[in-house]
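Novice: The structure's right below; bear with me while I get my questions together.
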Amino acid sequence: MILGIESTAHTFGVGIVNEGKILANVKDSYTTEKGGIIPTESAKHHEKVAEEVYKEALEKANIKEEDIDAIAFSQAPGLAPCLIVGMKFAKKKAKELNVPIVSVNHCVAHLEIGRITGAKDPVLLYASGANTQIIAYASGKYRIFGETLDIGIGNFIDSFARYSEIGFPGGPAIEKLAI
């Protein structure tokens, strides 16, 4: 039974997985009416909602804290203030429950989704915040075949939204305006 904590940017989430089955995926996201993400404000949001999101995930998974065998958390890449909140929360819970803690690379976690779908040696377009890359899995490693050198698509969309005073996150608001 693994409890995972996501806190790389605007979302604080807790997922619970048992033998490959997702039992819970609870999250709460920092948003703004105007402007973009402010990392320190997003981190404050995470601190505020962490315990509530954690308890809701346990309830949704229908488990007790004692059922947790390990805790995983997003280590990087991401916004430092947000990552620190997730790491501290993970360390606190791991100490309270006396379970091991495992750091997870955020980018690799996204990429692994392609592999668990059954795709053999998938080629992936990874577009997450500051990262836009073409990546493939070959010879037991992820290999980057191309990437943006200026700005990732996620940051571009959020920058456009901030400039247009749409708010954060920009993608969903821009999508609604495009329809």
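Read-outs: derived from the displayed coordinates by stated rules, not from any lab. Everything quoted here is computed from the prediction, not taken from an experiment. As a convention, Cβ positions derive from the backbone with ideal geometry for all residues, glycine included, and neighbour counts pool all protein chains shown.
Novice: What are the radius of gyration and Dmax of the stretch 131-179, computed over its Cα atoms and given in Å?
Specialist: When restricted to the Cα atoms of the stretch 131-179, Rg and Dmax are 14.8, 46 Å.
Novice: Would you please report the Å³ per residue occupied by the convex hull of the alpha carbon atoms in the chain?
Specialist: Looking at the chain, the number lands at 137 Å³ per residue.
Novice: How many angstrom separate the Cα center of the stretch 8-27 from the Cα center of the stretch 64-105?
Specialist: 12 Å
Novice: Report the one residue of TYR30, PHE89, ILE63 whose Cα lies farthest in the direction of the positive end of the charge dipole of the chain (charges on C-beta: Lys and Arg +1, Asp and Glu -1; origin at the Cα centre).
Specialist: Sorting the options by dipole projection puts first PHE89.
Novice: Across all directions of projection, what mean area in square nanometres is found for the Cα convex hull of the stretch 39-115? Each step should come with its number before you reach the end.
Specialist: Values: hull surface 22.4 nm².
For the stretch 39-115, the mean projected area of the Cα convex hull comes to 5.6 nm².
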